[in-house]
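Read through the structure below, which is laid out as structure tokens, and then see the notes.
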Amino acid sequence: MKLPISDTKQRLLLAFIATASVLFYISRPTKDDISWLLVVADSLLDGGRLYDDIIETNPPMSVLIYTPAIILERIFHLKAEIFVILQTMITCLLCIEFSTRLIARSGLNMKSGIFRIATAFVIIVLPMGAFGQKDHLAFVASLPLLLIIASADRRQFTCSDQLVAGLFGGLTMAIKPQFALVFILPCLAMFFQRRRISDLHSPAFIAAGALVVIYAVIICLLFPSFTSKMLPVLTEIYRPVHENRLLLLLPNYFGGYILLVLIVAVWPLGRKVLQPLPLVLLLAGIGFFLAFMEQAKGWPYQAYPALASGLLLGLSVTLPVFNREVGPSRSAFFIWLGSFAVLFAWAARFLVWSWIDYTPIEKAVFDLELKQPSILSIAASHGPGHPVTRDVNGKWAGTLSSRWITVGALKQKKLGNLSDERNRSLDNWVSLDRAYLRHDILEKKPDVILVQRSSDFDWLAWAQEDPSIAAAFAHYQRTSSVANPEDPGTIEIWRRLPNGS
């Protein structure tokens, strides 16, 4: 299968896809995760101590990748959210062109033009609500090193090509350590096929390993609180709370859907799936799938890399092979193509669901007519506070993005069968969360507090169990209440009284 358009026209098509996508993504609501990480990056650039003054659950790279957008915001006085979209698109385009060049040099049975356009659809069009999120960037960065792994003769690549691919791969692993599986599984498969230990000594792997080691040193030297303070919280509170992994494997959940995409993507290939490129892409998808299952949060953006691996495999490898070898009867080809198109569309639809409209909350805050209000939220997720804080040109007044520590503790207590010691430990974590909130309200005196209220759990009552917080609320007035866009219930807007001390 050969694309009936020249290289120049392919690039023009790519430019059109990129331009249209930038305009589309700019028009969409900012994802709460991205907005929160921009808040953290802003605090970091202002001298705040990550994991002390402001606490994020992910390693530092998740914050560092958004600091360029904040720097550009300060230079050009344009919203950092726009620069996130632009820097993500530039990264995608650079990766597409670099990967296309690697394909052309690799000797792999793949037309570079097909790979270019297929990759454009998978990393630019497909992501939807995942566009610009760390897992999206991790998948984009993984592609060059995966192509190096698939290539039988690394001598076809220049040393600089291999070093750049390795640095991209190292970035993928720095974003999330679980993503090391994305490279380990293909490397093992290629080693068993070729029996060449020398492949592991290539500049690409040296560069990837060096970046990961340097990053680990940077964490120890510049962000010591990540290991001393955050790892215990992650181990005891954040990671134990997850979806049932068996349920995630059902077809109507992301885990089952990922497996369905991978199976449909390789079904027509038969034994050709053992050829280097399809096998590497398949095992990379399995690596991303295992990382998704290990986290087991069930969130759409975490499912994206595995979905993208399967869809890229289907578009760039299976589609041209099946089209070329299907023979005179094309009914099987069109059945597969229709099924695969439906899977692609539904994957995009899943990712669209992650966009949430927080406009009603933003309007309620705007109606207070406060200039650059300081904002805090008392809620189960960071959604009510983000992207609202940045969208109303406010300043975040919290140490945490939400009350996720209490959520994690209460969910574990709800499961029962805990020892007295474990129950006391969880109670201590809840007390710590309330202490963070008390400090934020009493010391930072936020102009606006967003409070989640529902019949399931009363966050205001939880907060006011602390006498100091209850007394502080005497200086606030509830001005309005809007429907919670994430869950049943409402978000109350509390404004600090002008004479509040």
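Give me the pairs, please: first residue somewhere in region 246-262 and without any contact (Cβ under 8 Å) to a residue 12 or more places away in the chain, second residue anywhere and in a loop (DSSP other than H, G, I, E, B) and of a type in the set (A, V, I, L, M), beta-carbon distance under 6 Å, and either six or more positions apart or on two chains.
Within 6 Å, the pairs are Gly256/Leu249; Gly256/Leu250.
Need pairs with beta-carbon distance below 8 Å; first residue open to solvent by 20 Å² or more (accessible area, probe 1.4 Å) and within region 96-109, second among the polar types (S, T, N, Q); sequence gap 6+ or separate chains.
Note: pairs meeting the criteria are Arg101/Ser112; Ala104/Ser112; Arg105/Gln156; Gly107/Ser151; Gly107/Gln156; Leu108/Ser151; Asn109/Gln275.
Which of (1) open to solvent by 20 Å² or more (accessible area, probe 1.4 Å); (2) farther than 25 Å from Trp336 by Cα does Ile237 not meet, given it meets every other one?
(1)
Scan region 428-459 residue by residue and report those that are over 29 Å from the mean Cα position of the chain (by Cα), open to solvent by 70 Å² or more (accessible area, probe 1.4 Å) and of a type in the set (D, E, K, R).
Arg438, Glu443, Lys444, Lys445
Which ones in region 26-68 are surrounded by fewer than 19 Cβ atoms within 10 Å (Cβ to Cβ) and more than 23 Å from Ala216 (Cα to Cα)?
Once the filter is applied, which keeps residues that are surrounded by fewer than 19 Cβ atoms within 10 Å (Cβ to Cβ) and more than 23 Å from Ala216 (Cα to Cα), region 26-68 yields Ile26, Ser27, Arg28, Pro29, Asp46.
Given (1) open to solvent by less than 20 Å² (accessible area, probe 1.4 Å); (2) touching a Phe, Trp or Tyr at 6+ places or on another chain (Cβ under 7 Å), where does Thr318 come up short, assuming only one miss?
Result: Thr318 fails condition (2) only.
Do any helices (runs of 4 or more DSSP H) entirely within region 316-428 hold 3 or more residues that are out of contact with any helix residue (DSSP H, G or I) (no Cβ under 8 Å at 6 or more places or on another chain), and if so, which?
Values: elements: 319-325, 331-352, 359-366, 388-391, 404-415.
It comes to 331-352, 359-366, 404-415.
Hey, among Arg116, Arg74, which residue is part of a helix (DSSP H, G or I) and open to solvent by 40 Å² or more (accessible area, probe 1.4 Å)? So that I can check it myself, show each step before the final result.
On the way: Arg116 fails: open to solvent by 40 Å² or more (accessible area, probe 1.4 Å).
Going through Arg116, Arg74 in turn, just one is part of a helix (DSSP H, G or I) and open to solvent by 40 Å² or more (accessible area, probe 1.4 Å): Arg74.
Among the helices (runs of 4 or more DSSP H) contained in region 244-308, which hold 2 or more residues that are crowded, with 22+ Cβ neighbours inside 10 Å? Before the answer, list the steps.
Values: elements: 245-248, 254-266, 276-295.
Where helices (runs of 4 or more DSSP H) fall fully within region 244-308 and carry at least 2 residues being crowded, with 22+ Cβ neighbours inside 10 Å, they are 254-266, 276-295.
Within region 333-377, which residues are small (Gly, Ala, Ser) and free of Cβ contacts under 8 Å to residues at least 40 places away in the same chain?
Step one: filter region 333-377 for residues small (Gly, Ala, Ser), giving 338-339, 341, 345, 347-348, 354, 364, 374, 377.
Result: Gly338, Ala341, Ala345.
Which of the numbered conditions does Ser202 fail, given that it passes all the others? Conditions: (1) surrounded by 19 or more Cβ atoms within 10 Å (Cβ to Cβ); (2) under 23 Å from Val182 (Cβ atoms); (3) at pLDDT 90 or above.
(3)
What pairs come up if the first residue lies in region 28-44 and is among the polar types (S, T, N, Q), the second is not in a helix (DSSP H, G or I), and their beta carbons are under 6 Å apart, counting only those six or more places apart or on different chains?
Pairs that qualify, where the first residue is among the polar types (S, T, N, Q) and the partner is not in a helix (DSSP H, G or I), are Thr30/Pro387; Ser35/His386; Ser35/Pro387; Ser43/Ile54.
Do any residues in region 444-469 that are free of Cβ contacts under 8 Å to residues at least 24 places away in the same chain have Cβ atoms under 8 Å from those of residues that are surrounded by fewer than 22 Cβ atoms within 10 Å (Cβ to Cβ), where the two are at least six apart or on different chains, and which pairs are they?
Gln464/Ala470; Gln464/Phe473
Among the residues of region 206-226, write down those that are open to solvent by less than 40 Å² (accessible area, probe 1.4 Å) and either part of a helix (DSSP H, G or I) or under 17 Å from Ala141 (Cβ atoms) (or both).
Of region 206-226, the ones open to solvent by less than 40 Å² (accessible area, probe 1.4 Å) are 207-209, 215, 219, 223, 225-226.
Result: Ala207, Ala208, Gly209, Tyr215, Ile219, Ser225, Phe226.
Just checking, which of Leu23, Leu13 is over 20 Å from the mean Cα position of the chain (by Cα), surrounded by fewer than 17 Cβ atoms within 10 Å (Cβ to Cβ) and at pLDDT 95 or above? Step through it out loud before you land on a result.
On the way: Leu13 fails: at pLDDT 95 or above.
The unique qualifying residue is Leu23.
The values are calculated or read from the model by the stated rules, or taken from the named source; none is laboratory data. Treat the numbers as computed from the prediction; the structure is a model and nothing was measured. Cβ: placed from backbone, ideal geometry, glycine included. Neighbour counts: every protein chain shown. SASA here: full protein model, heavy atoms, side chains in, ligands and nucleic acids out. Shrake-Rupley method; radii C 1.70, N 1.55, O 1.52, S 1.80 Å.
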